[in-house]
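Report on the structure given below.
Read the figures in this text as sums done on the coordinates, not as results from a lab. Nothing here was measured: the structure is a model prediction, and the numbers come from that model. Here the Cβ positions follow ideal geometry from the backbone for every residue, glycine too, while neighbour counts run over all protein chains shown.
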């Protein structure tokens, strides 16, 4: 009655909404999550939790209970129950689109990040038709042992190294992960990222400059490299690469030519 005394003031200094509800979520007969007291706000309040299912668990029983004592207020409504999968994330190494020179070693892999340490089985698949179909590579494994990085569980798996050829250009690779070995073969239970690794392999033709000599010297912990080439007929750059096994080379410096 707007003309009479105010009996209910939800926005008043003293909360006149009464006893605050306090909801417990019970999962399979066990109290799993409690909201704490839900103060009146006049708005829908979103509450929820993350639940780790068992290896063969296909359903759960979910119940809600109000822990608050009786009294005025203590009213609550429930709407829009949402259940979603807490999917892992993949970081592709070295990138989704690595560039490789022909006859160089191809090293690709992926790091798996997950909320729980349960996505520990994996397999690699390959596509030669731009992702229209995927074939098994025979490369699989698990269970891996994730480590905690402070915010997620993570582990890294690498595809076996191979020498890139022009025919490999355009080939795609993806990592499929699951919580069990059998789930790797179940599209409803396995996970793969829509972003995949696509190889670009080119011949990386070297300019027609002849390397006449190449020497190196170690002195006082420093390495000095010297080389002599035939005359440079156009602007060139020299990329110096280093290898510890004679197969994998990593660029360590790029130097301009002298154009003479």
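Observations, loosely collected:
- Cα pair count fraction exceeding 12 Å, expressed as % - region 211-256: 74
- Summary of the geometry: region 207-247 and region 128-149, compared by the centres of their Cα atoms, lie 39 Å apart.
- Model label sites at residue 56 and residue 228, defined 7 Å from Cα along the beta-carbon direction, differ in position by 7.6 nm.
- Hull-based mean projected area of region 163-260, where the convex hull spans the alpha carbons, in square nanometres: 11.2
- Using C-alpha pairs under 8 Å with a sequence gap of at least 6, the mean separation divided by the residue count of region 89-202 gives a relative contact order of 36 percent.
- Average Cα contact separation per residue, region 211-256, under 8 Å, 6 or more apart, as relative contact order %: 27
- Peptides 184-195, 52-63 ranked from most to least packed give 184-195, 52-63, packing being the mean of other C-beta atoms within 10 angstrom over each peptide's residues.
- Potential extension, residue 140-residue 97 segment - 0.36 nm per residue separation minus Cα distance: 13.3 nm
- Region 30-56 and region 65-95: distance between their alpha carbon centers, rounded to Å: 5
- The Cα atoms of the chain define a convex hull whose projected area, averaged across directions, is 27.5 nm².
- Kirkwood-based shape ratio for region 89-202, expressed as Rg/Rh from alpha carbons: 0.98
- From most to least packed by mean Cβ count within 10 Å, the peptides 151-159, 106-114 give 106-114, 151-159.
- Each Cα pair under 8 Å and six or more residues apart adds its separation to the average, and for region 166-245 the resulting relative contact order is 23 percent.
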